[in-house]
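Participant: I have a structure I would like to understand better, so I am pasting it below and will then ask my questions one at a time.
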Amino acid sequence: MAPTEEEMIRALEERHGHDLYCRFSRASVAVCGLGGLGSNIAVSLARAGVGRLILIDFDRVDITNLHRQQYKASQVGMYKTDALYENLMEISPYGNFQTHTARITEDNTKSMLQDADIICEALDSAECKATLANTVLETMPEKYLIASSGMAGLYSANSIKTRKVSGRFYLCGDGTSGIEDGIGLVSSRVMLCAAHAAHMVLRILAGELEP
Amino acid sequence: MVKVNGEEIDIAGKTLSEYLSSANFDMQRIAVERNGDIVPRAQYDKTTLADGDSVEVVSFVGGG
């Protein structure tokens, strides 16, 4: 039987301490793209007790996603938003998870992301990543943006880093290893990059603004 | 001199577009900050780089 909401809150408060628990539980974080990066970022943040997650993806779970994304074989064919919602509710049954089954575009970015304190860019194509980063930085300069670039291949785990580009803009990854070079994505290295992004979210919420 | 991604380059007086093209950046895959502020994509043509500017070009690669 699932624990009660009070039991879940008490367990998180014991782990994090009251102050951090409050900071995390009051926060609203958007995850744009629910693939290898986004699904792993969302799981980390849900486990940490982030109050509200805004989850955006237009796509369905494909069998080729299972090697690195937080979905199950039984969920192939489902919208990623619905499948991840299901999985997150099993992890954190009292979580507030809002889903948007839509392609994120320059036109709808602002309306979907306006309630988020921190935005994680977790899209697939380089062009979409750049467009989202530009749109957020140009139109929502008050938000924190954590983008990711360069996590393909079996290269060293130690080359994945978080850097602060400027003000409220952070970039995770090795910056160079992309899928354009014909190298595949490996779950462990994508998860490393996702962990960097999720960790930077929690650090910002805790008031630690350096990577 | 203009500092681009930490490197001093002699491009003061050029527009941002001119520099980005000459350095073979793919305009669809980048975000550019100048002295800590984002340069809107529509402003690349109109942004003239000045001596002492600091420019950060973030190039995205695919994968997620």
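The values are calculated or read from the model by the stated rules, or taken from the named source; none is laboratory data. For clarity, every value in this text was computed on a predicted model and none was experimentally measured. Methodologically, a virtual Cβ is constructed for each residue, glycine included, from the backbone with ideal geometry; neighbour enumeration extends over all protein chains shown.
Participant: Would you confirm, using the coordinates I've provided, whether A:L113 is away from chain B (no Cβ under 14 Å) and touching a residue at least 60 places away in the same chain (Cβ under 8 Å)? Steps first, answer last, please.
Facilitator: Values: away from chain B (no Cβ under 14 Å): yes; touching a residue at least 60 places away in the same chain (Cβ under 8 Å): yes.
Against the criterion (away from chain B (no Cβ under 14 Å) and touching a residue at least 60 places away in the same chain (Cβ under 8 Å)), A:L113 qualifies.
Participant: Kindly provide the set of residues from segment B:36-64 that are at pLDDT 95 or above and under 30 Å from A:L154 (Cα atoms), ordered by number.
Facilitator: The answer is B:E56, B:V57, B:V58, B:S59, B:F60, B:V61, B:G62, B:G63.
Participant: Filter segment A:105-122 down to the residues that are modelled with pLDDT of 95 or more, in a loop (DSSP other than H, G, I, E, B) and touching a Ser or Thr at 6+ places or on another chain (Cβ under 9 Å) and list them by number.
Facilitator: Answer for segment A:105-122, where residues must be modelled with pLDDT of 95 or more, in a loop (DSSP other than H, G, I, E, B) and touching a Ser or Thr at 6+ places or on another chain (Cβ under 9 Å): A:D115, A:A116, A:D117, A:A122.
Participant: Now, a different point. Considering every residue within segment A:123-136, establish whether at least one is among the acidic types (D, E), closer than 17 Å to A:A30 by Cβ, assigned to a helix (DSSP H, G or I) and modelled with pLDDT of 95 or more.
Facilitator: So far as segment A:123-136 goes, no, none of its residues is among the acidic types (D, E), closer than 17 Å to A:A30 by Cβ, assigned to a helix (DSSP H, G or I) and modelled with pLDDT of 95 or more.
Participant: Regarding segment A:178-185, can at least one residue be identified that is loosely packed, with under 15 Cβ neighbours inside 10 Å and more than 13 Å from every other protein chain (Cβ to nearest Cβ)?
Facilitator: No, because not a single residue in segment A:178-185 is loosely packed, with under 15 Cβ neighbours inside 10 Å and more than 13 Å from every other protein chain (Cβ to nearest Cβ).
Participant: Can you tell me which residue within segment A:1-58, out of those that are under 20 Å from A:D115 (Cα atoms), not in a helix (DSSP H, G or I) and not hydrophobic (A, V, I, L, M, F, W, C), is nearest to the chain's Cα centre (by Cα)?
Facilitator: A:G33
Participant: Mind listing just one residue for me: the one in segment B:41-64 that is touching a residue at least 40 places away in the same chain (Cβ under 8 Å) and either at the interface with another protein chain (Cβ under 9 Å from one of its Cβ atoms) or on the phi > 0 side of the Ramachandran plot (or both) and, of those, surrounded by the most Cβ atoms within 10 Å (Cβ to Cβ)? Outline the logic, then answer.
Facilitator: Going through segment B:41-64, the residues touching a residue at least 40 places away in the same chain (Cβ under 8 Å) turn out to be B:49-57.
Narrowing the set further to residues that are either at the interface with another protein chain (Cβ under 9 Å from one of its Cβ atoms) or on the phi > 0 side of the Ramachandran plot (or both) leaves B:52, B:56.
Values: B:G52: 10, B:E56: 20.
The residue in question is B:E56.
Participant: Whether any residue in segment A:156-164 is at pLDDT 95 or above and within 15 Å of the chain's Cα centre (by Cα) is what I want to check.
Facilitator: Step one: list which residues in segment A:156-164 are at pLDDT 95 or above, which gives A:156-164.
With within 15 Å of the chain's Cα centre (by Cα) added as a condition, the list becomes A:162.
Checking segment A:156-164: at least one residue is at pLDDT 95 or above and within 15 Å of the chain's Cα centre (by Cα).
Participant: Has segment A:118-126 got any residue that is in contact (Cβ under 8 Å) with a residue 24 or more places away in the chain, more than 8 Å from chain B (Cβ to nearest Cβ), touching a helix residue (DSSP H, G or I) at 6+ places or on another chain (Cβ under 7 Å) and surrounded by fewer than 18 Cβ atoms within 10 Å (Cβ to Cβ)?
Facilitator: No, segment A:118-126 contains no residue that is in contact (Cβ under 8 Å) with a residue 24 or more places away in the chain, more than 8 Å from chain B (Cβ to nearest Cβ), touching a helix residue (DSSP H, G or I) at 6+ places or on another chain (Cβ under 7 Å) and surrounded by fewer than 18 Cβ atoms within 10 Å (Cβ to Cβ).
Participant: If A:T139 satisfies all but one of (1) in contact (Cβ under 8 Å) with a residue 40 or more places away in the chain; (2) in contact with a Lys or Arg (Cβ under 8 Å, 6 or more places away or on another chain); (3) within 14 Å of chain B (Cβ to nearest Cβ); (4) surrounded by fewer than 20 Cβ atoms within 10 Å (Cβ to Cβ), what's the number of the condition it fails?
Facilitator: Every condition holds for A:T139 apart from (1).
Participant: Sticking with this one: Look through segment B:10-40, keep the residues that are over 22 Å from A:T131 (Cβ atoms) and aliphatic (A, V, I, L, M), and return whichever of them is surrounded by the fewest Cβ atoms within 10 Å (Cβ to Cβ).
Facilitator: B:A12
Participant: For A:A27, are the conditions met, namely being modelled with pLDDT of 95 or more, touching a Gly at 6+ places or on another chain (Cβ under 9 Å), within 26 Å of A:D82 (Cβ to Cβ) and surrounded by 19 or more Cβ atoms within 10 Å (Cβ to Cβ)?
Facilitator: Criteria met by A:A27.
Participant: Among the residues of segment A:155-197, how many are among the aliphatic types (A, V, I, L, M), closer than 16 Å to A:S125 by Cβ and part of a loop (DSSP other than H, G, I, E, B)? It would help to see each step written out before you state the result.
Facilitator: Of all residues in segment A:155-197, those among the aliphatic types (A, V, I, L, M) come to A:157, A:160, A:165, A:171, A:179, A:183, A:185-186, A:190-192, A:194-195, A:197.
Cutting the leftovers down to closer than 16 Å to A:S125 by Cβ gives us A:179, A:183, A:185, A:190.
Now drop any that are not part of a loop (DSSP other than H, G, I, E, B), which leaves A:183, A:185.
Total satisfying the criteria: 2.
Participant: Taking the stated definitions as given, is B:E56 charged (D, E, K, R) and under 22 Å from A:S125 (Cβ atoms)?
Facilitator: Judged against the criteria, B:E56 is a match.
So that you can scan it fast, the table gives a plain yes or no per residue for (1) of a type in the set (G, A, S); (2) within 24 Å of A:K129 (Cβ to Cβ); (3) part of a loop (DSSP other than H, G, I, E, B):
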residue: A:H67; (1), (2), (3): no, yes, yes
residue: A:T81; (1), (2), (3): no, yes, no
residue: A:L84; (1), (2), (3): no, yes, no
residue: A:N87; (1), (2), (3): no, no, no
residue: A:E90; (1), (2), (3): no, no, no
residue: A:Y94; (1), (2), (3): no, no, yes
residue: A:F97; (1), (2), (3): no, yes, no
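Participant: With respect to A:A152, is the statement that it is outside any strand (DSSP E or B), touching a residue at least 40 places away in the same chain (Cβ under 8 Å) and either out of contact with any helix residue (DSSP H, G or I) (no Cβ under 8 Å at 6 or more places or on another chain) or within 14 Å of chain B (Cβ to nearest Cβ) (or both) true? Don't jump to the end; show me each part of the working.
Facilitator: Numbers: outside any strand (DSSP E or B): yes; touching a residue at least 40 places away in the same chain (Cβ under 8 Å): no; either out of contact with any helix residue (DSSP H, G or I) (no Cβ under 8 Å at 6 or more places or on another chain) or within 14 Å of chain B (Cβ to nearest Cβ) (or both): yes.
Taking the combined requirement at face value, the residue does not satisfy it.
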